Amino acid sequence: MYYNNEIETMPRADIEKLQMTRLKKALHAAASTPYYSKIYGEAGIDVSKITTFDHMQQLPFTTKNDLRMSYPTGMVTVPLSETVRMHASSGTTGKSTVIFYTRRDIEQWAEQVARAMYSTGARKEDILQNMMGYGLFTGGLGLHYGAEKLGCLVIPSAAGNSLRQIQLMQDFHPTIIHITPSYALHLVEVIKEQGIDPHSLGIKKAYFGAEPYSDATREKLEQLWGVKAYNCYGLSEMNGPGVAFECAQQAGMHIAEDYYIAEIIDPETGQRLPDGTEGELVLTHINREAMPIIRYRTRDLTRIIPETCGCGKTHRRIERIKGRSDDMIIVGGVNVFPSQIEAVIMNIPEVGNNYQIILEREEGLDRIHIKVELYSKLFKGDLKALQKLNKEIVEKLRALIIVTPRIEFMEPGSLPPSEGKAKRVFDNRVI
Ligand code: AMP
Ligand code: ZN
């Protein structure tokens, strides 16, 4: 029934005991790193005194910015010769957040994913077509190793190239697919355009993750593909896919609680909130040698479901991610902060002060449309020069966000002036 009976059905009191044992070890290791030794030193924190879940509240949060500031190895506990892999968050700016793993960390992560897949009903006989990006992004390799550990045949087809994906499906009959919900919406249309009935492909399960989507989209995808859908949540800072995963009940995602201590906080005050209340998820990685990250602010909004799950696992669940407590948007699978787009636009002297970012989704593909005001003398300028400028902005932005934006020049003063906190991002995507 379970991949690891002892761990997955461990009584709560024992899980909490195990978490505390691992927390102490993780804190001890973290305190030896340049980053945490400085932070804890300045705050006068003696990590040996942190022995309960309550005590943890004395520890400062770790943020994405802290990871950037300690780039590349300020939070690494071991010599790099002990590490075997690195990944990076899917943002594309220079100093992204880099995560290192030892051999044990990779094995543990594989076990974590294998266990989660097993609880959806996956077995070694299954064939997984993994349509997530391979490379620095964790989605591809993270699930890949887990599925191999379970004994599945993995088709590492990676994202994109739809016709080849379909060919592989027809030739190798995957029973499980791992894919972003937006690409799944697009791909199913391509399948139908090819005159193929998606239900005839024999796919039984789909693991959807890496970006937010609604219950309605899940239902739509289940119908279109003829599959059962399981939500898979992860972030590179906490390994990658498998941090929390739905079981066969499809009723919220079990957090791997022997790997993480989860807290929900009020994003405004930072105060901890009780189970059942919606807030920001904060995670402490207590099972990674190379890089234990303490009280990481995921910025993802959710709540912990206090009731036990019908599947019998004792690890608690989180609800589908509702949104973010910062302004990060995920465009075509890439994490983008509007401030990065702004930095590019504002560096172009011909551009005025006002702009808008509009996001749309057409047949599952994210489109980004940016309206920028020009200075008056340029707006009346010759067409060739404007086209050249438009191309220049498109190229600069494409290098940053991968998705090719559409740039529309606006007459000076035509966009609503910002009054106080400007609303610049209009996300019209139906997710
Ligand atoms: P990355 O570190 O590049 O893998 O990006 C991680 C972020 O992707 C998370 O913090 C979430 O905002 C988002 N994400 C990942 N999986 C899901 C999911 N199943 N549902 C909603 N958002 C997700
Ligand atoms: Zn369950």
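The values are calculated or read from the model by the stated rules, or taken from the named source; none is laboratory data. These numbers come from a predicted model, not from an experiment. Quick reminder, even Gly has a Cβ in these numbers, built from the backbone with ideal geometry, and neighbours come from all protein chains shown. Calculation scope for accessible area: heavy atoms of the full protein, side chains included, ligands and nucleic acids excluded. Shrake-Rupley method; radii C 1.70, N 1.55, O 1.52, S 1.80 Å.
Can you run down the residue pairs with Cβ atoms below 9 Å, 6 or more apart or on separate chains, where the first is in the stretch 3-26 and open to solvent by 30 Å² or more (accessible area, probe 1.4 Å) and the partner is among the basic types (Lys, Arg) and in a helix (DSSP H, G or I)?
Final answer for the pair search is Tyr3/Arg115; Asn4/Arg115.
Out of the stretch 215-240, which residues are part of a strand (DSSP E or B) and either in contact with a Phe, Trp or Tyr (Cβ under 8 Å, 6 or more places away or on another chain) or charged (D, E, K, R) (or both)?
Residues of the stretch 215-240 that are part of a strand (DSSP E or B), as a first pass: 228-234.
Hits for the stretch 215-240 are Lys228, Ala229, Tyr230, Asn231, Cys232, Tyr233.
Please verify whether Arg123 is among the charged types (D, E, K, R) and in contact with a strand residue (DSSP E or B) (Cβ under 9 Å, 6 or more places away or on another chain), treating the condition exactly as stated.
On the way: among the charged types (D, E, K, R): yes; in contact with a strand residue (DSSP E or B) (Cβ under 9 Å, 6 or more places away or on another chain): no.
No: the conditions fail for Arg123.
Taking Ile318, is it within 16 Å of ligand 2 (Cβ to nearest atom), among the β-branched types (Val, Ile, Thr) and either under 30 Å from Leu224 (Cβ atoms) or open to solvent by less than 20 Å² (accessible area, probe 1.4 Å) (or both)? Working first, answer last.
Details: within 16 Å of ligand 2 (Cβ to nearest atom): yes; among the β-branched types (Val, Ile, Thr): yes; either under 30 Å from Leu224 (Cβ atoms) or open to solvent by less than 20 Å² (accessible area, probe 1.4 Å) (or both): yes.
Considered against the rule, which asks whether it is within 16 Å of ligand 2 (Cβ to nearest atom), among the β-branched types (Val, Ile, Thr) and either under 30 Å from Leu224 (Cβ atoms) or open to solvent by less than 20 Å² (accessible area, probe 1.4 Å) (or both), Ile318 comes out as yes.
In the list Ile196, Ile179, which residue meets the criterion of being open to solvent by 10 Å² or more (accessible area, probe 1.4 Å) and farther than 24 Å from Glu278 by Cβ?
Working: Ile179 fails: open to solvent by 10 Å² or more (accessible area, probe 1.4 Å).
It is Ile196.
Please tell me if Ser157 is of a type outside the set (Phe, Trp, Tyr) and modelled with pLDDT under 95.
no
Being surrounded by fewer than 21 Cβ atoms within 10 Å (Cβ to Cβ), part of a loop (DSSP other than H, G, I, E, B) and at pLDDT below 95 narrows it down to one residue among Pro212, Pro267; which is it?
On the way: Pro267 fails: at pLDDT below 95.
After ruling out the rest, the residue left standing is Pro212.
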